[in-house]
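Report on the following structure.
None of the figures in this text is laboratory data; all of them are computed from the coordinates on show. What you are looking at is a predicted structure, and each value in this text was computed from that prediction instead of being measured. Cβ coordinates were reconstructed from backbone atoms using ideal geometry, including for glycine residues, and neighbour counts include every protein chain displayed.
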Amino acid sequence: MLVDPDWLAAQPSHGTVVLDCAWFAPEAGRRGVDAFRAEHVPGARHFDLELASDPHASLPNMMPTAGRFAEIVGGLGIDEETTVVIYDASYVSARVWWMFSRFGHRKAVILDGGLRRWKAEGRPLETGDPAPFEPRTFTAREPGGDISDWQEVQRALREGTAQVVDARAPDRFSGALPSGYPGLASGHMPGATNLPWTEMIRTDGSFRFRPPEEVEQIFRGAGIDPDRPILFTCGSGVTAAVLALQLRRAGPANWKVYDGSWNEWGRRPDLPRASLGA
């Protein structure tokens with residue numbers, strides 16, 4: 001699921017596609033494609049998360065249909081035999097890895113440490129758009145049931161059928177900071193547990209993911225039982241995938257991602273919210 005820069009540097013270009021999935025929340029005022037053009041791993045192509053999301057959804061970054069995903073991925077020159085190496089500079093790689101995994105592609109891996117580690121090691125970079133490449137036909141399998149909706153989350157909070165775990169930063173979760181999305185209230189779901197996605201990253205400056213044995217300890221230390229069902233949530237279903245990835249690496253796989261996340265829950269007047277001073 002994870003590869004190192006040395007491994008990537010040794011891979012032949014034939015049969016391997018490197019995807020830069022730079023993306024920013026609206027408050028950043030930046031576009032992922034601009035970050036890609038400014039600097040990227042040599043030979044990489046840009047995976048546009050917004051373009052690859054459901055174009056008919058009213059909420060951001062919603063999971064696309066299998067057909068939509070196949071169209072986008074095939075357009076990037078990827079088929080079922082392609083090894084896909086995913087990276088970014090922060091947390092989006094886990095979401096894109098989940099998308100590939102969800103639609104049945106078992107040859108998708110993440111560059112551990114991403115662009116920041118690549119640069120810290122003094123490795124070469126490219127700028128501008130990628131060199132021309134040929135589109136391919138990608139066949140996406142119909143996915144299983146790893147996505148949750150607000151009704152299931154509400155039932156879990158009321159009846160304890162699953163643990164609801166929010167991956168946002170503590171100040172986002174508490175409501176001390178704005179939500180980060182225009183018109184979206186701050187706060188969290190009453191009864192949810194906060195486990196920031198940053199807890200899944202090593203603190204030694206390498207920007208690598210923590211090893212599985214540490215992941216389980218962190219979950220249990222936050223009062224979360226990895227062996228019981230978990231519904232992951234965040235702002236728009238992106239950082240929730242970091243927790244899902246790490247829990248998958250640790251072994252337990254009894255989880256779902258609430259794809260609408262706070263972007264849906266926080267906009268619904270019929271659903272409860274908790275925040276500082278509320």
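What is the chain's relative contact order, in percent, from Cα pairs under 8 angstrom and six or more apart in sequence?
Values: 538 pairs, mean separation 57.0, N = 278.
Taking the mean separation of contacting Cα pairs over the length of the chain, I get 20 percent.
If you plug each phi of the range 13-25 into the Karplus form 6.51 cos²θ - 1.76 cosθ + 1.60 with θ = phi - 60°, what whole-Hz ³J(HN,Hα) values come out, in order, with x for Gly and Pro?
So the J values, rounded to whole Hz, are 5, 6, x, 10, 10, 9, 10, 8, 10, 3, 7, 9, 5.
Name the long-range amide H neighbours of LEU125: under 5 Å, sequence gap of 5 or more, or other chain; modelled H, no Pro or chain starts.
none
Quick one: grab the alpha carbon gyration tensor of the range 147-265, order the square roots of its eigenvalues as a ≥ b ≥ c, and give me rounded if a/c is under 1.5, else prolate or oblate depending on whether a/b is larger than b/c.
Working: a/c = 1.88, a/b = 1.21, b/c = 1.55.
Oblate, since a/c reaches 1.5 and b/c is not below a/b.
Determine the shape class of the range 60-190: with a ≥ b ≥ c the square roots of the Cα gyration tensor eigenvalues, call it rounded for a/c under 1.5, and otherwise prolate if a/b is greater than b/c, oblate otherwise. Before the final figure, lay out the partial values.
Numbers: a/c = 2.34, a/b = 1.42, b/c = 1.65.
Verdict is oblate for the range 60-190.
For ILE147, what residues show an amide H to amide H distance below 5 Å, using hydrogens built from the backbone and excluding near sequence neighbours?
Correct list: VAL257.
Output the peptides 257-269, 47-59 sorted from most to least packed, where packing is the average of other Cβ atoms within 10 Å over each peptide's residues.
Numbers: 257-269: 21.5, 47-59: 16.5.
The peptides rank, most packed first, as 257-269, 47-59.
How long is the gain from ARG116 to ASP171 if the chain were fully straight, where each residue apart is worth 0.36 nm and the alpha carbon distance is subtracted?
On the way: separation 55, 0.36 × 55 = 19.80 nm, distance 2.45 nm.
Length gained, ARG116 through ASP171: 17.4 nm.
Whole-Hz Karplus ³J(HN,Hα) for the range 240-246, in order, using 6.51 cos²θ - 1.76 cosθ + 1.60 and θ = phi - 60°, x for Gly and Pro?
Those phi angles translate into 4, 5, 5, 5, 4, 4, 5 Hz.
Starting from the Cα of ALA274, step 7 Å along the direction of its Cβ; do the same at ASP79; then give the gap between the two resulting points in nm.
For the pair ALA274/ASP79, the computed spacing is 5.2 nm.
Going toward the positive end of the dipole of the chain, with +1 on Lys and Arg Cβ and -1 on Asp and Glu Cβ, which of PRO178, ALA89, LEU247 do you reach last?
Farthest along the dipole direction, towards plus: PRO178.
Ratio of Rg to Rh for the range 2-120, alpha carbon only, Kirkwood?
Values: Rg = 13.7 Å, Rh = 14.5 Å.
Rg divided by Rh gives 0.94.
Measure off 7 Å from each Cα along the Cα-to-Cβ vector at ALA253 and ARG228, then give the distance between these two points in nanometres to one decimal.
2.3 nm
Which of the three applies to the range 223-278, rounded, prolate or oblate, going by the alpha-carbon gyration tensor with a ≥ b ≥ c and a/c under 1.5 meaning rounded? Write out the running numbers ahead of the final one.
On the way: a/c = 2.54, a/b = 1.95, b/c = 1.31.
In terms of gyration-tensor shape, prolate.
Between ASN194 and residues 5 or more places away or on another chain, which pairs have amide H atoms under 5 Å apart, with H built 1.01 Å from N, and which residues are they?
Hits under the 5 Å cutoff: ASP166.
In whole Hz, with x marking every Gly and Pro, tabulate ³J(HN,Hα) for the range 150-165 from phi via Karplus 6.51 cos²θ - 1.76 cosθ + 1.60, θ = phi - 60°.
5, 5, 5, 5, 4, 5, 5, 5, 7, 10, x, 6, 7, 8, 9, 10
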